[in-house]
1. Mind listing the phi-derived Karplus ³J(HN,Hα) values for region 78-95, rounded to whole Hz, using 6.51, -1.76 and 1.60 with θ = phi - 60°, and x for any glycine or proline?
2. Quick check on region 32-93: what are the equivalent-ellipsoid semi-axes from the Cα gyration tensor, as sqrt(5λ), descending, whole Å?
3. Assuming R0 = 41 Å, can you tell me the calculated FRET efficiency for the pair Glu67 and Asp20, based on Cβ-Cβ distance, to the nearest 0.05?
4. Rounded to the nearest 10 Å², what accessible area does Asp40 show when all protein chains are kept and the probe is 1.4 Å?
5. Give the accessible surface of region 35-80 per residue, rounded to a whole number of Å², with probe radius 1.4 Å and ligands, DNA and RNA excluded.
6. Pairs Lys41/Lys91; Lys9/Lys54; Lys17/Lys54: which are spaced more than 21 Å apart, C-alpha to C-alpha?
7. Using θ = phi - 60° and the Karplus curve 6.51 cos²θ - 1.76 cosθ + 1.60, what whole-Hz ³J(HN,Hα) does each residue of region 37-42 get, with Gly and Pro shown as x?
8. Output wanted: per-residue J couplings in Hz (rounded whole) for region 45-53, from phi through Karplus 6.51 cos²θ - 1.76 cosθ + 1.60, θ = phi - 60°, x for Gly and Pro.
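The values are calculated or read from the model by the stated rules, or taken from the named source; none is laboratory data. Here the structure is a predicted model, which is why all the values come from computation and not from measurement. Because the Cβ atoms are built from the backbone with ideal geometry, glycine has one as well, and the counts that use them run over all protein chains shown. The area values use the complete protein model at the heavy-atom level, side chains included, leaving out ligands, DNA and RNA. Shrake-Rupley method; radii C 1.70, N 1.55, O 1.52, S 1.80 Å.
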Amino acid sequence: QQKAFKSVKRLNFLGYKASDNDSVTMKTELVKVKTILKDDKYEDLMEFNDKMGKILVKYIGDEDSAEEFIILGSNSETGFGIVRILGNDMKPEEMISLVDAMKTVKFDESKLNNIMNFYK
């Protein structure tokens, strides 16, 4: 997990906040993102449901080394977010281990307040 964490160099986040007034547009934008991620260059890594919503993890590369990882999280009530992870010598199996650990780890949620406040 430490090796996977240290291989990450940069994260980009893009969020789309759900709105009662414009749920059709949000659904349309989410379909566009999912269509892009169906491209053959994106390899499936994992997909699961979590307390926050549905999570999809894909990557560009091969089974030994990845150039980037894409994490798409969506929830019909709050919206969706995409995280693009760039790094050096990132290994898909190590990233699975890191994601699995993050599902159960307890951390200071106040550190994510800026991102979470976006969805409020």
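1. 9, x, 9, x, 10, 10, 10, 10, 10, x, 10, 6, 7, 9, x, 5, 6, 5
2. They are 22, 12, 10 Å, listed from largest to smallest.
3. FRET efficiency, Glu67 to Asp20: 0.60.
4. Roll a 1.4 Å probe over it and Asp40 shows about 140 Å².
5. Per-residue value: 61 Å².
6. Pairs exceeding the cut-off: Lys9/Lys54.
7. Whole-Hz 3J(HN,Hα) from phi for region 37-42: 6, 7, 4, 4, 6, 8.
8. With the stated coefficients, region 45-53 comes to 10, 7, 8, 7, 9, 9, 4, 8, x Hz.
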